[in-house]
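Note sheet for the following structure.
The values are calculated or read from the model by the stated rules, or taken from the named source; none is laboratory data. Quantities reported herein were computed from a predicted structural model and do not represent experimental measurements. Every residue, glycine as well, gets a Cβ built from its backbone with ideal geometry; the counts of neighbours run over all protein chains shown. Surface areas here come from the heavy atoms of the whole protein model, side chains and all, with no ligands, DNA or RNA. Shrake-Rupley method; radii C 1.70, N 1.55, O 1.52, S 1.80 Å.
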Amino acid sequence: MGTTLRALRALFLLAGFYVLALAVLCALTGAALAAWAWAPTGGAVTATVLAVLVGLPILRGVCTLGTGDDGKHGLAVTEAGQPELWHAVRSLAERTGTRAPDRLLLTEEVNAAVHERTRLLGLLPGRRSLYLGVPLLIGLSEPQLHSVIAHELGHYGNADTRLAGITLRGRDSVLRTVAGFQAPGRTRSDRRKPGQGGGRTSAAEAGAERRGSTGAVAVRAVRAGLGRIAGPLLYGVVARPFQAYARFYLRATQSVGRQQELAADRVAARVAGRDATASALREIAVLDVVHDVYVGRYVGLGARAGLLPPHGEVVGGVRQLLDDPELRADLAELRGEPPSGDPTPYDSHPPVAERVRLIEALPDDGPDTSPARPALALLRDVERVLVEVEGTVLTPEALVMERTDWPDLTHRAVHTLTEADAQPLRRAMAAFGITPGSAAEDLAALLDAVDAGRLWWVARHLPKSPEAARASGRAAREFLRPDLEEGVRNLAELALVETAGARWEPSWVAGPRLRLPGERDVEDELAAAVRAAVADDPDTGPLRGLLAG
């Protein structure tokens with residue numbers, strides 16, 4: 001499909017949404033006027049209120065304009081500051097046959113993207129931006145990074161970015177309207193399991209409340225009104241055409257998006273080489289998994305305890321995982337089997353496995369003669385850049401957190417979280433009558449209670465779910481056993497830290513591990529001892545022996 005046809009299609013889809021919105025608004029207005037003409041009483045007032053409440057989500061979707069930007073943030077690097085990287089980008093743009101970007105920004109994501117701030121709904125070109133994720137520079141070779149950049153520049157050549165303004169404007173409007181018809185009181189967070197949180201207001205509403213604004217109250221009042229008054233009309237009649245159009249719009253635009261991705265892959269293979277392009281896709285799939293593990297297991301762990309790794313490590317510390325020799329076999333397996341996913345008509349990208357297969361089916365273009373040095377070599381003063389990128393990612397509150405090295409961060413963070421996780425059991429013990437003390441004293445008192453046959457008298461004071469509260473006998477014990485076992489383990493870990501000098505140490509493969517002095521790993525031994533202590537026929541000997549030893 002050519003650029004002109006795609007532009008017409010995007011305009012047609014956007015116009016279709018406005019036509020649908022106008023038709024529904026006219027129908028609502030007509031119904032309200034008819035009610036006043038036929039029965040200018042309480043019924044007419046009710047019809048008008050219904051029309052207003054139902055029309056609000058539609059007006060929000062139609063009238064709310066975007067910022068005109070892509071909403072992404074990153075560290076802008078100049079050609080004077082990073083000449084090698086800019087030279088690579090300009091050279092690839094020339095080989096791709098398109099104008100080079102005007103801005104180059106480094107981000108913390110395992111991703112690359114392009115954006116063009118066009119005018120007249122994409123009919124006139126504008127300022128171009130290229131975003132490169134630092135994890136790509138860390139994990140890819142230079143030829144692989146060239147293929148990633150060529151892929152993104154290929155979107156410029158295909159006019160994908162110029163038409164994105166029309167497509168995204170329509171998509172945002174449709175989805176915003178559909179979201180406005182969601183049933184109040186039944187948000188996703190309200191359907192979470194116990195312990196997963198829920199019932200929270202949005203960030204905007206919370207901020208409004210803190211500032212003394214009436215905006216949050218008004219929003220919830222409108223939603224409550226929609227639920228009580230206009231519920232059947234919303235979900236039975238009005239919402240359905242917008243939901244149907246949203247599905248149609250996404251299927252139409254996302255199918256074009258998938259074709260654009262495959263076309264950009266062919267551009268990358270032509271410019272940077274078939275093998276470099278295929279291997280880059282395989283490597284990015286690996287980086288995505290490793291980065292998620294790194295941020296969630298280590299950076300997130302420290303942040304929850306008010307700690308962060310040394311400056312630059314929030315973004316650059318993923319190197320620790322990539323360089324770990326114990327991970328090499330697992331990473332090689334991931335490279336060999338790129339994710340195939342479960343494709344749907346609403347996906348914006350084809351599955352990675354399909355993209356790799358299509359690229360590797362292209363004719364062999366000969367060996368890659370580009371230097372196979374790490375892509376990070378394109379950056380000058382790498383450590384300074386990592387620190388500066390970090391500054392664009394972290395909130396002001398995070399930027400002032402205490403910095404410490406990985407061993408200290410791991411121990412202190414896990415210790416803080418373990419103390420918090422042990423509190424429900426310690427409160428239950430206090431309610432039973434055990435005087436609070438140190439972790440070692442609390443654990444010794446608990447084990448004495450176990451030996452006296454009082455374990456489940458303590459456990460009955462633990463927080464219970466509604467199902468557990470209704471249960472009795474053996475069923476009640478089974479409901480409480482997981483929380484009881486977890487609490488005893490937390491208390492035992494704290495006792496080992498107090499009395500035996502145990503510490504949690506970082507293990508990039510398995511996560512933080514509790515070790516005694518002399519590098520003795522006690523995780524498995526401790527787990528078995530705790531299970532024995534809370535069994536139906538409890539045995540506190542293994543746990544007492546571990547603590548004594």
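Looking across G55, G30, one residue alone is modelled with pLDDT of 75 or more and open to solvent by less than 20 Å² (accessible area, probe 1.4 Å). It is G55. Inside segment 518-540, residues that are open to solvent by 40 Å² or more (accessible area, probe 1.4 Å), in contact with a helix residue (DSSP H, G or I) (Cβ under 8 Å, 6 or more places away or on another chain) and in a helix (DSSP H, G or I) make up a count of 3.
Which of the helices (runs of 4 or more DSSP H) contained wholly in segment 202-289 include at least 3 residues that are crowded, with 20+ Cβ neighbours inside 10 Å, modelled with pLDDT of 80 or more and at negative phi? Step through it out loud before you land on a result.
Details: elements: 203-210, 215-228, 239-272.
Ranges flagged: 239-272.
What about L446, is it part of a helix (DSSP H, G or I) and under 21 Å from P538 (Cα atoms)? In short, yes. Highlighted here are the helices (runs of 4 or more DSSP H) found entirely within segment 300-364 that include at least 1 residues which are within 25 Å of A510 (Cβ to Cβ) and touching a Gly at 6+ places or on another chain (Cβ under 8 Å): 318-322.
Select, from R117, R103, R90, the only residue that is closer than 30 Å to F12 by Cβ and surrounded by fewer than 19 Cβ atoms within 10 Å (Cβ to Cβ). Walk me through it before giving the result.
Details: R103 fails: closer than 30 Å to F12 by Cβ; R90 fails: closer than 30 Å to F12 by Cβ.
Every option except R117 fails the conditions.
Going through (1) open to solvent by less than 50 Å² (accessible area, probe 1.4 Å); (2) part of a loop (DSSP other than H, G, I, E, B); (3) of a type outside the set (A, V, I, L, M); (4) at pLDDT below 80 one by one, P194 falls short only on (1).
Pull up segment 370-391, narrow it to residues that are in a loop (DSSP other than H, G, I, E, B) and touching a helix residue (DSSP H, G or I) at 6+ places or on another chain (Cβ under 9 Å), then point me to the one that is least open to solvent (accessible area, probe 1.4 Å).
First, pick out the residues of segment 370-391 that are in a loop (DSSP other than H, G, I, E, B): 370-373, 379-381.
Now restrict to residues that are touching a helix residue (DSSP H, G or I) at 6+ places or on another chain (Cβ under 9 Å): 370-373, 379-380.
Values: S370: 42, P371: 75, A372: 89, R373: 101, L379: 14, R380: 118 Å².
Applying the filter and picking the extreme gives L379.
Go through segment 505-517 residue by residue and tally those that are assigned to a loop (DSSP other than H, G, I, E, B) and either open to solvent by 60 Å² or more (accessible area, probe 1.4 Å) or without any contact (Cβ under 8 Å) to a residue 60 or more places away in the chain (or both). Residues in segment 505-517 being assigned to a loop (DSSP other than H, G, I, E, B) and either open to solvent by 60 Å² or more (accessible area, probe 1.4 Å) or without any contact (Cβ under 8 Å) to a residue 60 or more places away in the chain (or both): 3 in total. Among residues of segment 493-504 that are on the phi > 0 side of the Ramachandran plot, those with a Cβ under 8 angstrom from a residue that is at pLDDT below 95, sequence gap 6+ or separate chain, pair up as G501/L516; G501/P517. Residue-level check: of (1) surrounded by 15 or more Cβ atoms within 10 Å (Cβ to Cβ); (2) within 23 Å of the chain's Cα centre (by Cα), E397 misses just (1).
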